[in-house]
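Take a look at the structure below.
The values are calculated or read from the model by the stated rules, or taken from the named source; none is laboratory data. Predicted, not measured: the structure shown is a model, and the values here were computed from it. Every residue, glycine as well, gets a Cβ built from its backbone with ideal geometry; the counts of neighbours run over all protein chains shown. Remember, those area values only see protein heavy atoms, side chains included, never the ligands or the DNA or RNA. Shrake-Rupley method; radii C 1.70, N 1.55, O 1.52, S 1.80 Å.
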Amino acid sequence: MEVHDRLESKLTQGDFLVNMLRVARSDGPRLEQAFIEHVGNLAEKLSHFLRSNGLIRKAEYEPAKFWARQRGRAFGFVDGGVASIDLPGASPLGIRVGSYVVRPGDETDRREEFKIEFSIVDDLYAESPSTFAVPDDLEDRYGDRAKLRDAARIISEIAAALALIRRRSDVKTVLVHGPLINPAAPYGPPGFPFFTADTAEKLFGAPVPSEKRHFVPLYREVLERVKACSTQAFGVVERDGGGRALLLRVLEEMNRAGDLPDKNYAAGNALLRKYDLSDTQILDVILGPGEYLEPKVVPRQEPSNKWPKDWEESLKFYPNPLTTYLKPSETVRPFRVETFEGTEDYQEAMTLILATARLLPGYGFPVALDIVDKYAKVPSWLSREIGAGHKAVLLRKAFEQDDRRLQEYAIKMLSVSSRDWFFRPKA
Amino acid sequence: MTWITDPENMIGTVVGNTSTDSYRFILRSLRAKVGDIVATLSKIPDDSRKHEDAIIWGRIVSIDRHNPFFPAEAAQELAEQNLELINTVLSTSRDYLNAEVLILGSSGADSGARADLSPLTYPVQPAARVVNPPAASIRKLLGAGQDNAPKLHVGTLLGRADVDVSFAANKVVSRHLAILAMTGGGKTVAARRIILALIEHGYPIVIFDPHGDYLGLQEHRSKLPPGTEVKLFYPMMKVSEENVTIVSDLLAKMGKKMTEAQHDFFNKLVTENNVVDGMKASDYIRRLIEHAENTFNKLQRKDSEAESEDSPKKFGASTINAVKRSLTFVLSALMQMEQNNKALVERLKDDYVFSEMPDPKRDPEDIVRKKQVSIFYLAGYDHLTQSTIVSIVLDALFSHRASLTNRIPPFQTVLEEAHNFIPSRQEGTDETPSLATVRKVITEGRKFGTGLMIISQRPARLDETILTQCNSFLVLRLVNPKDKSFVRSVMENLSESDANILQTFGPGQGIVSGQAVQFPLLVKVQHDEQFKNSKIGDEDFLKAAAEWDEKATRARNRNAFVETEPKSAKETASGKSADASISGAKAKKGNGPKAEPAELKFSVVSKRKR
């Protein structure tokens, strides 16, 4: 399918439409009419540029041959689930990371293994058990609870992959649901708490010295361990996070290598910026079924000027992911695939990712990651029940007091999430 | 630790909303199946605001199986690419099994040797552990409260060969039992099992057998408990001084209702014809017909002469003819029956010992006796005759029990192919005298010990009033939707899911419910193969057709034809009416010289005029 045809077919999709309207608002009716033409030209130009420079590769989809080749090999898939519990006055944390190892062609009971590699259940500000160390003075505690939860989730997923690789040496490839390497700097500002010794040990699989129990060094350590293993590790990102990191990186590398004159580099950059399309959106138009962009190392910890001073040294040596986008079939959008630099048998791994994604032809995402996602996910009914149980305990405690005001306060606090006419002052 | 708290016995966890009627639980893979009895521990409050542990018993009525890790999209791709799932990364091992349990009741957690069931009054605790009880506990439950009561061993729990299932014998013999299944579902096997169990108790049994399904009991009588007698009767109507009313009974049951005048004339006939004890009813009826003819002839003569004062002329020609016609109808049925008996006895004389049916009014002891099984073999008789025999026999036996004459003990009647004897109104009940009799027996029988076992392959065609009087049901495989919904309508405690599994049963598998058991159970009926009828059974019709010697058949038929009716006469007769009309027409036109056919036609017309 030609670029223009692809573009026409994508126009009904929400984000293209949004972009078109956004551009139209800023540039007036003239550009509105010319949007398709301009974006088409951009895509055409990019496509021509990428193809003529050999930057587009293709993973073959011959499932019968491919799966026959994989008989007896073990593949691992990792994903984490977070319980969504929202309680006033508490910061519960419920994370579990599951793994699914499967050996295609094995007809024994040992073909599949499902395991919860990690589960963290506590309150962020509880004394014990605790994921993060609580400061002596509670006033000093870190305020951004969401960041604490994110940090715990990010590190536990890759730690689970490490645990799996250590436990199952027969696993040839591990796919992690989500980015393989996340930005670490946001979790390093002053005051961001250290993990407790227990949690750090659990995550790393061995005792961790106190100075390395912080997210930034510990995450890096875990990543380095995974990288050092012979098992290939990939992160497959389901959602389009926006941005054009990869395409910009491609242009930059070409420019730096002297293959793209400064003028053209600047023009290409300007075009990408002008139409504000993400890597996924542009590559969805450019790539054909089974095609992926030549993988490039994309710096993940940039910009360095925002690095927290305490962790600059550590962030400097963080591994960066070798990144690409793979488009499984004509009807689905490409997804991001990350791995470590120097990963062997890259092409074969991409063929595996393509073959597993084609098993979900309508959704176009590795089916085994969908399986492990469902396995590890904390179901909403469980989150709800935990929340309800917690509320009931708090309420009961309030009612054990004779203070009527305290009871009313407890009711208000636990039963309403926002202002409610029902609780207006009575005459 | 008891079995209820032993983690080894755990098979799942209760989920979702629970009630006092049912709950659902997530089942561990391959740890239980539909029909299994399961238990869970729960706290139940008592009157004094305390609560204590109770075992909640239930039966799995359905299991939903779902593999959330196998998207339909994947199946599409597997099919498209001709891939085997096992060769890919797809998962097959994480089935999600959601079982529905129908609650049977609760018993005390520490009830010791007894496990009496009480209705559940407080819902099962969500997240409770569900346990697979050991066989001993289920046995205790099934036999609760009736340890010393006589039982009828039926088989085992479906899928649990280590747990026997028995019926409460007294509930079967006094409260009636219906066995319902489609052809091949195992209803005869089930009925035979219960009959054998009753035989073990020496209980008298009367079987009406239209297909010879129970002849095996006589064939293998040596394998029955010592002292058991199996009598095989072919129907025979005889008259005696005591039961001279049998003819009027036959007339009534065969649908020949008489007017008052006809009745008077019939009574006159009976009064004027003495009964010889043990005389065949057919012979007696023949005499009555002759007598009626004589009366008619006398009447004709009197008509032709001047009327004399002393001739009462009480009965008109039409009355006499009507009675004669009714008697002739009954006579022809009886003659047909006797002819059938002759052929039957001739055919089966080497394998079975047939006896003439005793007079149920005069000699009920010959039919109902301790340790005796009386089989009325009804194969080959037309529907009306079969129904009449059932009606006459049951009527007489019931009267003996109901009049408390102490002549016969309580007995169990087995009615095979019951839809022929107790049809529903839609099926037409005119020619089924047994319907009224069975209705009477089933509604009043429990007082007099005349229990009924009704067996049918078409429940929807059965009389609803009769079926609802059955207090116990054994329902085997049923596929017909009408039958299934009918069964649901008459069985009080058959759940929808139970009705849905009826079509999945294999031979001999079924659900039993009602007073004969503590609670509805899925059973596998014991097959007593040694009592199977070896002489009459499933015939190989294909083989029979292949080996059919057509020439011999034709020859035999030709001979038979010559013997009964001369060929030439019949040919003449068959040709004559056509000829007569044609030639008659020709004669009218003056072209036909042949006078004979015209005369014949004339004679027919003239007879009619007369």
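Here are some notes:
- Percent carbon-and-sulfur accessible area, the protein assembly as shown, ignoring ligands, DNA and RNA, probe 1.4 Å: 49
- The residues of the stretch A:285-389 present an accessible area of 39 Å² per residue when probed at 1.4 Å with all protein chains retained.
- Under 5 Å, built H, 5+ apart or other chain: amide partners of B:F233: B:S355, B:I375, B:F376, B:Y377
- Using a 1.4 Å probe over protein heavy atoms, the accessible area lost on pairing B with A, summed over both chains, comes to approximately 2000 Å².
- The trypsin sites (Lys or Arg not before Pro) of the stretch A:224-276 that meet both conditions, a loop assignment by DSSP and at most 16 other Cβ atoms within 10 Å of the site Cβ, are A:R239.
- Taking the helices alone, chain A has a mean residue ellipticity at 222 nm of -14500 deg cm²/dmol, built from -39,500 (n - 2.57) per DSSP H run of at least 4 residues and averaged over all its residues.
- Surface per residue (accessible, 1.4 Å probe) for the stretch B:246-336, Å²: 56
- Close amide H contacts of B:S106 (hydrogens built in the peptide plane, cut-off under 5 Å, sequence separation of 5 or more or a different chain): B:W57, B:S118, B:L120.
- Of the cross-linked pairs B:K302/B:K324; B:K223/B:K535; A:K172/A:K306; A:K306/A:K327; A:K377/A:K397; A:K172/A:K327, those separated by over 28 Å at the C-alpha level are A:K172/A:K306; A:K306/A:K327; A:K377/A:K397.
- Antiparallel content of DSSP bridges confined to the protein assembly as shown, in %, to 5: 70
- Taking every alpha-carbon pair under 8 Å whose residues sit at least 6 apart, the stretch B:7-142 reaches a relative contact order of 38 percent.
- Cβ-placed point charges (K, R +1; D, E -1), dipole of the protein assembly as shown about Cα centre in debye, nearest 20: 2700
- Ranked by the mean number of other Cβ atoms within 10 Å of their residues, highest first, the peptides B:14-20, B:408-414 fall in the order B:408-414, B:14-20.
- Taken over the Cα atoms of the stretch B:106-251, the convex hull encloses 232 Å³ per residue.
- Rounded to whole Hz, the Karplus (6.51, -1.76, 1.60) HN-Hα couplings of the stretch A:162-176, x for glycine and proline: 5, 4, 5, 4, 5, 6, 10, 6, 7, 6, 7, 9, 10, 10, 9
- Net charge in the neighbourhood of A:P361 (other residues with Cβ under 9 Å of its Cβ; Lys, Arg +1, Asp, Glu -1) is -2.
- Size descriptor for chain B, Kirkwood hydrodynamic radius: 29.3 Å (Cα pairs only, one decimal).
- Residue pairs exceeding 22 angstrom between C-alpha atoms, taken from B:K447/B:K532; B:K187/B:K543; B:K151/B:K524: B:K447/B:K532; B:K187/B:K543.
- Accessible area of the stretch B:39-163 divided out per residue, in Å², using a probe of 1.4 angstrom: 49
- Karplus-derived HN-Hα couplings along the stretch A:224-241 (A = 6.51, B = -1.76, C = 1.60, θ = phi - 60°), whole Hz, x at Gly and Pro: 4, 5, 5, 4, 6, 6, 6, 6, 6, 10, 10, x, 10, 9, 6, 9, 7, x
- Dividing the convex hull volume of the alpha-carbon atoms in chain A by its residue count gives 199 Å³ per residue.
- Pairs of Cα atoms nearer than 8 Å and 6+ residues apart set the relative contact order; for chain A it is 19 percent.
- Cα-based helix-to-principal-axis angle, A:404-415 vs chain A, degrees rounded to 10: 20
- Under 5 Å between amide hydrogens, built in the peptide plane, is the criterion, and for B:I179 it picks out B:I454, B:I455, B:S456, B:L474 among residues at least 5 positions away or on other chains.
- Rounded, prolate or oblate (a/c below 1.5 giving rounded, otherwise prolate when a/b exceeds b/c) for the stretch B:330-486 by Cα gyration tensor: oblate
- Anisotropy class of the stretch B:7-142 from Cα gyration tensor, a/c 1.5 cut: prolate
- Derived scalar couplings ³J(HN,Hα) [the stretch A:342-359; Karplus, 6.51 cos²θ - 1.76 cosθ + 1.60; whole Hz; x for Gly, Pro]: x, 5, 7, 6, 4, 4, 5, 5, 5, 5, 4, 4, 5, 4, 6, 6, 5, 6
- Of every Cα-Cα pair in the protein assembly as shown, the percent that sits beyond 39 Å: 67
- Relative contact order for the stretch B:246-336, counting Cα pairs under 8 Å that sit 6 or more residues apart, in percent: 45
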